[in-house]
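To start, the structure under review is shown below, and the notes come after it.
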Number of protein chains: 2
Amino acid sequence: MNNITDIHYGPLPEDSPYVKPFRFHYTQNGKEKSWDLLKVHDSVSIVIFNVTRKKLVFVKQFRPAVYHGIISSDGVQPGSIDMKKYPPELAVTMELCAGIIDKPISTIEIAREEVLEECGYDIPVERIEEIIRYRSGVGTSGAEQTLFYAEVTDEDKIASAGGGVDDEIIDVVEYDLEEARKLTDKGSVISSPPSFLFGLLWFLTNRAPKN
Amino acid sequence: MNNITDIHYGPLPEDSPYVKPFRFHYTQNGKEKSWDLLKVHDSVSIVIFNVTRKKLVFVKQFRPAVYHGIISSDGVQPGSIDMKKYPPELAVTMELCAGIIDKPISTIEIAREEVLEECGYDIPVERIEEIIRYRSGVGTSGAEQTLFYAEVTDEDKIASAGGGVDDEIIDVVEYDLEEARKLTDKGSVISSPPSFLFGLLWFLTNRAPKN
């Protein structure tokens, strides 16, 4: 899925549609304060359980932000990246099926589209259940994320769908319950966001079949 | 804790020490791609359980990024914020005790300091247990976050500590197990990040006393 080469950085263009940073000013208890932050889209994520095969359905993809996080923690400067030492596979994450809300349709419709586009399962919104809403970040961005749960079957699978749209390169992977539970065990070092860990543990606690 | 007034925005200064946005370029399967992202610090968060009173210890604070996320989802423009309709209390989050790694000391030492500075419990690192490492974000920032667990007692409490240092204004709150469990229930709309939800559910699954 990867075959990634020629990593380099440049300045952020002023008209970036994805990252819009600014400084937020306010007065708290009479004292002027500021906080630097950026606007990001609200989003959805979906825990998908294939009941035919009793497998959880996750997605894997190369994430530039994680690659950068890894090399910058080690003090590596752009322009001097040793790609043997830091292969792009280090930054392939495991995540819930997810997407940003960038169209004027309902949140659950966005979730339905992502299940189809990323994972290839075509299900109606009536089979998607809203679980919890929280803030996807609280430090530099504070968008809302809605977590959904959907059960799918092998019959819902569209052979030609999944893997993302446009330029996306997304691998769909399946985990059985025991393998998945281990990801939340003490000692895990996982290339996943906390929303993945919460969605997974929520499923294991509230929806996983008890054998 | 709040008394927040005079909210407004301005451009991000080029020398912001907190938000350093840039464009990341790479080639994947022969195709040139780019991704806009920003550098953030690695961080720690700590699930704290007061065993004397069987209470979880969380922190609450006003988060500019969440305030902005709420008003921008509604299309409110800076300069025309109706603070009666959008009181700052909307953006007071509930979180685990947490902090960024911005000093050359070990990750667990950072955790120890945050437990003292934010929550007022003075405990040695030997009583802090590392649980899981994950990526705090995967879209625009990919820093690592390490989740810890610590049990504290009323004897560990330093009356003069807690509430943050410097300009921080942090409220320490305590939840009993049943109240805390409800926060992870279906239907919750919570002003918390997913790391809070995961840490809480991890504790309830793996460490909470079974009556």
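Since every read-out is calculated from the coordinates, none of them should be taken as a lab result. Keep in mind that this is a model prediction, so the values were computed, not measured. Cβ atoms come from the backbone with ideal geometry, glycine included; neighbour counts cover every protein chain shown.
Computed from backbone phi, the HN-Hα couplings of segment B:198-208 come to 5, x, 5, 5, 4, 4, 4, 7, 10, 10, 4 Hz, rounded to whole numbers (Karplus: 6.51 cos²θ - 1.76 cosθ + 1.60, θ = phi - 60°; Gly and Pro given as x). Within the listed set B:115, B:76, B:57, the Gaussian network model of chain B (springs between alpha-carbon atoms below 10 Å) gives the highest mean-square fluctuation for B:76. 3J(HN,Hα) couplings calculated from phi for segment A:104-116 with the Karplus curve 6.51 cos²θ - 1.76 cosθ + 1.60 (θ = phi - 60°) are, in sequence order, x, 10, 5, 4, 6, 5, 4, 4, 4, 4, 5, 4, 6 Hz; Gly and Pro show x. Each copy carries residue B:208; placing its label point 7 Å along the C-beta direction from Cα gives inter-copy distances of 1.6 nm, listed from smallest up. What the Cβ-Cβ distance of residue B:113 and residue B:54 gives, at R0 = 30 Å and to the nearest 0.05, is a FRET efficiency of 0.75.
Label the protein assembly as shown by shape, choosing from rounded, prolate and oblate, from the square roots a ≥ b ≥ c of the eigenvalues of the Cα gyration tensor; if a/c is under 1.5 it is rounded, and otherwise prolate applies when a/b is larger than b/c, oblate when it is not. The shape class here is rounded. Exposed loop sites are taken as GluC sites (Glu not before Pro) in a DSSP loop (any state but H, G, I, E or B) with at most 13 other beta carbon atoms within 10 Å; the longest stretch of chain B without one runs B:15-167. Spatial offset of segment B:147-189 relative to segment B:50-75 amounts to 11 Å, using the alpha carbon center of each. Taking the Cα centre of the protein assembly as shown as reference, the dipole from Cβ charges on Lys and Arg (+1) and Asp and Glu (-1) amounts to some 520 debye.
Sorted from closest to farthest, the other copies place their residue A:85 label points 5.4 nm away, with each point set 7 Å from Cα along Cα→Cβ.
Given the pairs A:39/B:182; B:55/B:182; B:60/B:157; B:157/B:182, which span a C-alpha to C-alpha distance of over 20 angstrom in this model?
Flagged as over cut-off: A:39/B:182; B:157/B:182.
Looking at segment B:52-107, the trypsin sites (Lys or Arg not before Pro) that sit in a DSSP loop and have at most 14 other Cβ atoms within 10 Å of their own Cβ are B:53, B:54, B:84, B:85. Shape call for segment A:1-128 from the C-alpha gyration tensor, a ≥ b ≥ c root eigenvalues: rounded (a/c under 1.5), prolate (a/b greater than b/c) or oblate? In terms of gyration-tensor shape, oblate. Between residue B:106 and residue B:153, the modelled labels are 2.4 nm apart [label points 7 Å from Cα along Cα→Cβ]. When a/c reaches 1.5 or more, the comparison of a/b and b/c decides; with that in mind, is segment B:111-211 rounded, prolate or oblate per its Cα gyration tensor? Rounded, because the longest to shortest axis ratio a/c is under 1.5. Here each label is just a point 7 Å from Cα along the line to Cβ, and for residue B:15 and residue B:189 those points are 4.3 nm apart. Here r is the Cβ-Cβ distance between residue A:168 and residue B:175 and R0 is 35 Å; the resulting FRET efficiency, rounded to 0.05, is 0.30. Here is how far apart the residue B:14 label points are across copies: 1.2 nm, shortest first, using a point 7 Å from Cα toward Cβ.
Each 5 Å bin from 0 upward holds the following percent of the Cα-Cα pairs of segment A:1-53: 4, 11, 10, 12, 13, 15, 11, 8, 7, 5, 3, 1, 0.
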